[in-house]
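Chemist: Pasting a structure below so you can have a look.
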């Protein structure tokens, strides 16, 4: 496959994990902060949505990372905006994989404190991913 | 040990392992993709019946492949951006376009490329003759 095609694939795949992590944080925050309904389904519903979106985000991140690495011919850091993109990307990728695994194991057995720490981590991941996305956009627009 | 602590250990191990695999495999990927890119370049050059690239032009082609081919096409014959064959503009004009971009059409590369990079790109662009 050509370099240009990998670049287009990276552009196509990279938005899924960014959006899914953000959605996961929103769902988890809603489940954590909003009062539950009498049937006790609202909080569980939000938490299930938060669970599936973080797992899908982690799976989607593989496609984004692989296409990005092939596109940049294996460059892990680079320079200029590519380096800025990577400074935020690698911690975000590591955090995302770690948090998705934590969530897969713990499921709905998290303690309030454990879930608060998880939420802080997933919020940080969303911010790091959005920032990596910003520098990725700058790379595209300004070289 | 609580389930949360076990999950945290597993999550950390998975994250570190995956980052390790990514960083560990990167050099192999780098050599594989560079080799593939060289082969592709050779094919493109052969198809265009151009002389083999050397020195600055070769480095310019590598820079082009990483930064310009997305829009101008792998063979520089145009895709979303125009063909770069048989450019009539002067070196100074091309340099200004690379550095400053074209509003709404082409990004600026002034902060990314130094003078040597632009000279290499110019050397490559001057090899593109139909």
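The values are calculated or read from the model by the stated rules, or taken from the named source; none is laboratory data. Keep in mind that what you see is a predicted model, and the values were worked out from it rather than measured. Because the Cβ atoms are built from the backbone with ideal geometry, glycine has one as well, and the counts that use them run over all protein chains shown.
Chemist: Taking the range A:105-116 on its own, how many of its residues are surrounded by fewer than 16 Cβ atoms within 10 Å (Cβ to Cβ) and more than 7 Å from every other protein chain (Cβ to nearest Cβ)?
Modeler: Qualifying residue count for the region: 5.
Chemist: Now a separate question. Which condition number in (1) more than 27 Å from residue B:7 (Cα to Cα); (2) buried (at least 21 other Cβ atoms within 10 Å of the Cβ); (3) within 11 Å of chain B (Cβ to nearest Cβ) is the one that residue A:5 fails?
Modeler: That leaves (2) as the condition not met.
Chemist: Hey, another quick one. Considering (1) at pLDDT 65 or above; (2) more than 10 Å from every other protein chain (Cβ to nearest Cβ), say which one residue B:9 fails and leave the rest.
Modeler: (2)
Chemist: I'd like to know if the range B:81-89 contains one or more residues that are in contact with a helix residue (DSSP H, G or I) (Cβ under 7 Å, 6 or more places away or on another chain), within 12 Å of another protein chain (Cβ to nearest Cβ), closer than 30 Å to residue A:88 by Cβ and at pLDDT 90 or above.
Modeler: Among the residues of the range B:81-89, not one is in contact with a helix residue (DSSP H, G or I) (Cβ under 7 Å, 6 or more places away or on another chain), within 12 Å of another protein chain (Cβ to nearest Cβ), closer than 30 Å to residue A:88 by Cβ and at pLDDT 90 or above, which makes the answer no.
Quick grid of which residues meet (1) closer than 30 Å to residue B:101 by Cβ; (2) out of contact with any helix residue (DSSP H, G or I) (no Cβ under 9 Å at 6 or more places or on another chain); (3) more than 9 Å from chain B (Cβ to nearest Cβ):
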| position | (1), (2), (3) |
| --- | --- |
| A:63 | yes, no, yes |
| A:73 | yes, no, no |
| A:76 | yes, no, no |
| A:79 | yes, yes, no |
| A:97 | no, no, no |
| A:100 | no, no, no |
| A:103 | no, no, no |
| A:119 | no, no, yes |
| A:122 | no, no, yes |
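Chemist: Right, residue A:84: modelled with pLDDT of 90 or more, farther than 30 Å from residue B:26 by Cα and surrounded by 17 or more Cβ atoms within 10 Å (Cβ to Cβ) or not? Full working, then the answer.
Modeler: Values: modelled with pLDDT of 90 or more: yes; farther than 30 Å from residue B:26 by Cα: no; surrounded by 17 or more Cβ atoms within 10 Å (Cβ to Cβ): yes.
When the stated conditions are applied, residue A:84 does not pass them.
Chemist: Here's something else I'd like to know. I need the full set of residues from the range A:69-85 which are touching a residue at least 12 places away in the same chain (Cβ under 8 Å) and either more than 30 Å from residue B:111 (Cα to Cα) or in a helix (DSSP H, G or I) (or both), in order please.
Modeler: Of everything in the range A:69-85, those that are touching a residue at least 12 places away in the same chain (Cβ under 8 Å) and either more than 30 Å from residue B:111 (Cα to Cα) or in a helix (DSSP H, G or I) (or both) turn out to be A:70, A:71, A:81, A:82, A:84, A:85.
Table: residues versus (1) within 20 Å of residue A:10 (Cα to Cα); (2) in contact with a strand residue (DSSP E or B) (Cβ under 9 Å, 6 or more places away or on another chain); (3) at pLDDT below 80.
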residue: B:22; (1), (2), (3): yes, no, no
residue: B:48; (1), (2), (3): no, no, yes
residue: B:74; (1), (2), (3): yes, no, no
residue: B:78; (1), (2), (3): no, no, no
residue: B:95; (1), (2), (3): no, no, no
residue: B:118; (1), (2), (3): no, no, no
